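Structure, as structure tokens:
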Ligand code: M6R
């Protein structure tokens, strides 16, 4: 039931505040400590893990790329993020001290299933972050952390993505707590700030019309470039995937710092470039991305920018700015991705495409 929304995708984009809040609910005990009852892996094993390997596909893989920034920062454990379809073919270094995190909305993605089977054969423990209770991945893993996004019907993943990022953050903070490092005293504070994210997402949704207007001017685009730095980089990749899936337009996400190493040759008059700008409170990131916007603008690009409320430094170089409420840097992907989802959804509709069932795609990919 679309509950009055024109498409399931639109409905699911708007369900994100609830999906994030539901994924966060009930994770702390009365003392404010994280208590993940479903993660039954003995604490000694979690404490002794020397590496985290995330395996996933598509959008879930991009959630893993976001998670790497948080888990490495909080836990000081090296994190690898691997496409599940590639994982077992490269003879990966996996031991009993490896903690594998499998991320999947459906829990039925065959590439991810085969990756976790391979990991468990090497003695690794697997935590599954899945949205579907009882799914194959949840049954075949040592522990399950459920995202509570509710059923996702549209083929293009939206609320599962933001719920997956939320779940990886809970897991990262839990590992920090168990391992007792310098962040373990700040866990409550991080959880409190995470709890503020759903309202911020809602604020972005309330301004959806400005995104829709721009999207409707792009029906003739044949290529769109997405740029991001730090946590904005996987957001750029995810934004580009949404456009490919829904609009059948060639789209590519780049790490903004890579621009000068090649992709800038693509820029000519009228090339749409969507830039995810870091918060000005991280000047070392912000000023570099600002200069990337200037570089592409000088070469005639149409610059569409996602930037924090009040960041006027981008105005002079942007055709349009989508505004994001301020939040801690690690939480920005949960906000930055929302206008990119709305953009692809609206453009696909304006181009006359089937938003919920794009051509050639299935909701869950049960073959390798
Ligand atoms: O069900 P899963 O999360 O394992 O699915 C993984 C990918 O197939 C999925 O994210 C796919 O990339 C989506 N269509 C993206 O919108």
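Observations
- Checking residue 360 against (1) within 15 Å of the ligand (Cβ to nearest atom); (2) free of Cβ contacts under 8 Å to residues at least 60 places away in the same chain; (3) touching a helix residue (DSSP H, G or I) at 6+ places or on another chain (Cβ under 7 Å), the condition it does not meet: (3)
- Residue list for segment 306-346, filter: in contact with a strand residue (DSSP E or B) (Cβ under 6 Å, 6 or more places away or on another chain), farther than 21 Å from residue 295 by Cα and surrounded by 17 or more Cβ atoms within 10 Å (Cβ to Cβ): 324, 335, 336, 339
- Against the conditions (1) closer than 20 Å to residue 303 by Cβ; (2) outside any strand (DSSP E or B); (3) touching a residue at least 24 places away in the same chain (Cβ under 8 Å); (4) in contact with a strand residue (DSSP E or B) (Cβ under 6 Å, 6 or more places away or on another chain), residue 227 satisfies every one except (2).
- Taken residue by residue, segment 91-109 has at least one member that is more than 15 Å from the ligand (Cβ to nearest atom), more than 23 Å from the chain's Cα centre (by Cα) and modelled with pLDDT under 95.
- Taking the criterion of being in a strand (DSSP E or B), under 19 Å from residue 234 (Cβ atoms) and in contact (Cβ under 8 Å) with a residue 40 or more places away in the chain, the residues of segment 268-305 that qualify are 273, 274, 275, 276, 304.
- For segment 150-169, the condition holds for at least one residue, the condition being that it is crowded, with 21+ Cβ neighbours inside 10 Å, away from the ligand (no atom under 16 Å from the Cβ) and either at pLDDT 95 or above or assigned to a strand (DSSP E or B) (or both).
- Residue match in segment 39-49 (condition: more than 16 Å from the ligand (Cβ to nearest atom), closer than 21 Å to residue 189 by Cα and either in contact with a strand residue (DSSP E or B) (Cβ under 7 Å, 6 or more places away or on another chain) or assigned to a loop (DSSP other than H, G, I, E, B) (or both)): no
- Every residue from segment 25-38 that is over 18 Å from residue 125 (Cβ atoms), part of a loop (DSSP other than H, G, I, E, B) and touching a helix residue (DSSP H, G or I) at 6+ places or on another chain (Cβ under 8 Å): 27, 32, 33
- Total residues in segment 114-135, condition in contact with a helix residue (DSSP H, G or I) (Cβ under 6 Å, 6 or more places away or on another chain), within 13 Å of the ligand (Cβ to nearest atom) and not in a strand (DSSP E or B): 2
- Answer residue from segment 136-149, given it is under 13 Å from residue 101 (Cβ atoms) and in contact with a helix residue (DSSP H, G or I) (Cβ under 9 Å, 6 or more places away or on another chain) and is surrounded by the most Cβ atoms within 10 Å (Cβ to Cβ) among those: 147
The values are calculated or read from the model by the stated rules, or taken from the named source; none is laboratory data. The shown structure was predicted, so the numbers you read here are calculated from the model rather than taken from an experiment. All Cβ positions, glycine included, derive from the backbone under ideal geometry; neighbour counts span all protein chains shown.
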